[in-house]
1. State whether the residues of segment 102-115 include one that is part of a helix (DSSP H, G or I), touching a Leu at 6+ places or on another chain (Cβ under 6 Å) and more than 18 Å from Gln31 (Cα to Cα).
2. Is it the case that segment 54-61 has a residue that's charged (D, E, K, R) and within 24 Å of Asn101 (Cβ to Cβ)?
3. For segment 64-101, which positions are within 17 Å of the chain's Cα centre (by Cα) and either of a type in the set (Val, Ile, Thr) or not in a helix (DSSP H, G or I) (or both)?
4. Against the conditions (1) surrounded by fewer than 17 Cβ atoms within 10 Å (Cβ to Cβ); (2) modelled with pLDDT of 95 or more; (3) charged (D, E, K, R), where does Glu84 fall short? Just the number, please.
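The values are calculated or read from the model by the stated rules, or taken from the named source; none is laboratory data. Just so you know, these numbers come straight off a predicted model, no measurement behind them. Every residue, glycine among them, receives a Cβ derived from its backbone with ideal geometry; neighbour counts consider all protein chains shown.
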Amino acid sequence: MSSHPLIRGTLALALLGTLAACSSTPAPTAQMAVTRTTVDRVAATPAVAANAPVELQRSREKLIQAERAMANKDYTAARRLAAEAEVDARVAETRADAARNATSLAQVQDSIRALQEEIQRRSPR
């Protein structure tokens, strides 16, 4: 019967170790705030919604998952999901910038083509 106190002591020690491990991971509150701000800023840009809706939606979903993980005190998952949400938001922003740059490039090329045609028309033959 002397094994019961030993088992209880071992279980108590294991439980304390588990609780200590959980509490040693700080809540990523700053990272969550930065991610929320980034996702909100990117989502407010009409070009992003038009040119990168998949990436933007993925970012929003991961932010929601990160917020759930925070509520469940799963700070490791919250930190990872927040980082992924921020990266997805930045990818969406970059994709929108690339689309805008491609449109600008096409306009410049059209202008150059029009000028070259005008030069050819006016040049003496």
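1. No, there is no match, as no residue in segment 102-115 is part of a helix (DSSP H, G or I), touching a Leu at 6+ places or on another chain (Cβ under 6 Å) and more than 18 Å from Gln31 (Cα to Cα).
2. Within segment 54-61, one or more residues are charged (D, E, K, R) and within 24 Å of Asn101 (Cβ to Cβ).
3. Taking segment 64-101 as the starting set, the residues that turn out to be within 17 Å of the chain's Cα centre (by Cα) are 64-70, 75-97.
Matches in segment 64-101: Ile64, Thr76, Val87, Val91, Thr94.
4. Here Glu84 clears every test but (1).
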